[in-house]
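Working notes, structure below.
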Amino acid sequence: MRDVIIIGGGVSGLATAHALAARGLDVSVLERQRQVGGNAISERRDGFLMEHGPTTLNAAFAPAMGIIRGLGLDQSAVDLGAGVRKRYLYDGGRLQGISTHPLGFFTSPYLSFGGKISLAGEILRARRSGGGEETIHAFATRRFGAEFADKVIEPMAAGIFMGASRDLSIRGAFPRLVEMEARYGSILRAVIAAKRGSDPGRRLFSWPGGIATLPRRLAAELGDRVATGTAVIRVTRDAMGFVVTTAR
């Protein structure tokens with residue numbers, strides 16, 4: 001009988017299992033797919049590294065960095081972004097190149113004139129008063145306008161989290177944006193400050209083998225505590241605790 005059974009072998013599930021195992025708990029991870037990682041899947045094809053989900057990690061996120069250092073993966077990490085001049089979004093049947101400069105969306109045809117005006121107005125909008133949860137889409141619409149929320153933030157959230165921006169918490173998914181608004185009163189003002197060097201900003205990195213390096217290492221550390229190809233079909237409760245029934 002296990003102390004803990006975690007359903008899902010994505011990064012969160014594996015990291016949780018790793019932490020619990022380090023505390024001496026008997027833990028198992030059950031993953032339906034044949035590989036671990038959830039949305040963090042890296043694939044090499046025709047000499048190119050393709051990411052099916054997130055492409056980088058942020059070194060400013062202390063909890064993640066603690067795990068990465070504990071696994072010894074900080075030594076093989078590769079900084080990304082310094083040489084990147086454009087990012088691409090697919091729209092209207094073609095890829096639209098957008099400069100990584102803070103003014104990139106203003107010079108690209110990706111947004112309409114009205115969308116650019118709304119985006120520029122972000123720097124003048126008052127910060128949110130009061131607490132409470134806010135979705136990614138609601139935050140983006142309030143700060144940048146509906147077009148930016150639909151055409152930029154929605155595909156970004158789907159690509160990283162495989163979820164809808166209208167369902168995901170901004171504080172849970174992008175806490176730094178919440179911090180930027182609280183500190184600077186404007187996301188654009190915060191980005192400009194980071195470019196000028198008055199803000200420590202962030203360091204983005206990955207590994208030569210892609211973002212999947214992290215879940216693979218976590219799974220390797222956990223060993224036979226991870227069962228892939230194991231679909232959970234039922235979770236019930238009895239007098240002893242919980243019973244997890246799998247398809248095999």
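The values are calculated or read from the model by the stated rules, or taken from the named source; none is laboratory data. Being a predicted model, the structure only gives us computed values, none of them experimental. Using ideal geometry, Cβ is built from the backbone for each residue, glycine included, and neighbour counts are taken over all protein chains shown.
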_Taking the conditions exactly as written (touching a strand residue (DSSP E or B) at 6+ places or on another chain (Cβ under 6 Å), farther than 25 Å from ARG225 by Cα and of a type in the set (Val, Ile, Thr)), does ILE117 satisfy them or not?_
no
*Please name all residue pairs, on different chains or six or more residues apart, with Cβ atoms under 7 Å, provided the first residue is in the range 2-22 and is part of a helix (DSSP H, G or I) and the second residue is among the acidic types (Asp, Glu) and modelled with pLDDT of 95 or more.*
HIS18/GLU221
*Mind telling me which of the residues LEU30, LEU14, LEU57, LEU20 ends up being crowded, with 16+ Cβ neighbours inside 10 Å, in contact with a Ser or Thr (Cβ under 8 Å, 6 or more places away or on another chain) and closer than 25 Å to ALA227 by Cα?*
LEU30
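Condition check: at pLDDT 95 or above and in contact with a Gly (Cβ under 8 Å, 6 or more places away or on another chain). Does GLY24 satisfy that? Working first, answer last.
Values: at pLDDT 95 or above: yes; in contact with a Gly (Cβ under 8 Å, 6 or more places away or on another chain): no.
When the stated conditions are applied, GLY24 does not pass them.
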*Among the residues of the range 139-159, is there at least one that is crowded, with 18+ Cβ neighbours inside 10 Å, modelled with pLDDT under 85 and within 27 Å of GLU51 (Cβ to Cβ)?*
yes
*Residue check for GLY38: touching a helix residue (DSSP H, G or I) at 6+ places or on another chain (Cβ under 9 Å), small (Gly, Ala, Ser) and either under 23 Å from ARG225 (Cβ atoms) or at pLDDT 95 or above (or both)*: yes
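Going by the conditions given, is GLY93 outside the structural domain of VAL178 (by TED's automatic domain parsing) and not β-branched (Val, Ile, Thr)?
Values: outside the structural domain of VAL178 (by TED's automatic domain parsing): no; not β-branched (Val, Ile, Thr): yes.
Here the answer is no, as GLY93 does not meet what is asked.
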_Residues satisfying the stated conditions in the range 23-73, i.e. under 30 Å from ARG248 (Cα atoms) and in a strand (DSSP E or B)_ = VAL27, SER28, VAL29, LEU30, GLY37, SER42, GLU43
*Can you find a residue in the range 192-209 that is among the aliphatic types (A, V, I, L, M) and within 25 Å of ILE41 (Cβ to Cβ)?*
yes
*Determine, yes or no, whether ARG44 is loosely packed, with under 12 Cβ neighbours inside 10 Å and over 30 Å from MET180 (Cβ atoms).*
yes
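Every residue in the range 35-63 that is farther than 22 Å from GLY163 by Cβ and not acidic (Asp, Glu), please. Write out each step before concluding.
The first filter runs over the range 35-63 and keeps only residues farther than 22 Å from GLY163 by Cβ, leaving 44-49, 59-60, 62.
Those that are farther than 22 Å from GLY163 by Cβ and not acidic (Asp, Glu): ARG44, ARG45, GLY47, PHE48, LEU49, ALA59, ALA60, ALA62.
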*Does TYR88 satisfy being in the same structural domain as ILE160 (by TED's automatic domain parsing), under 30 Å from ALA212 (Cβ atoms), not in a strand (DSSP E or B) and not hydrophobic (A, V, I, L, M, F, W, C)?*
no
*asked:* Among (1) in contact with a Phe, Trp or Tyr (Cβ under 7 Å, 6 or more places away or on another chain); (2) of a type in the set (S, T, N, Q); (3) modelled with pLDDT of 95 or more, there is one condition THR135 misses while meeting the rest; what is its number?
replied: (1)
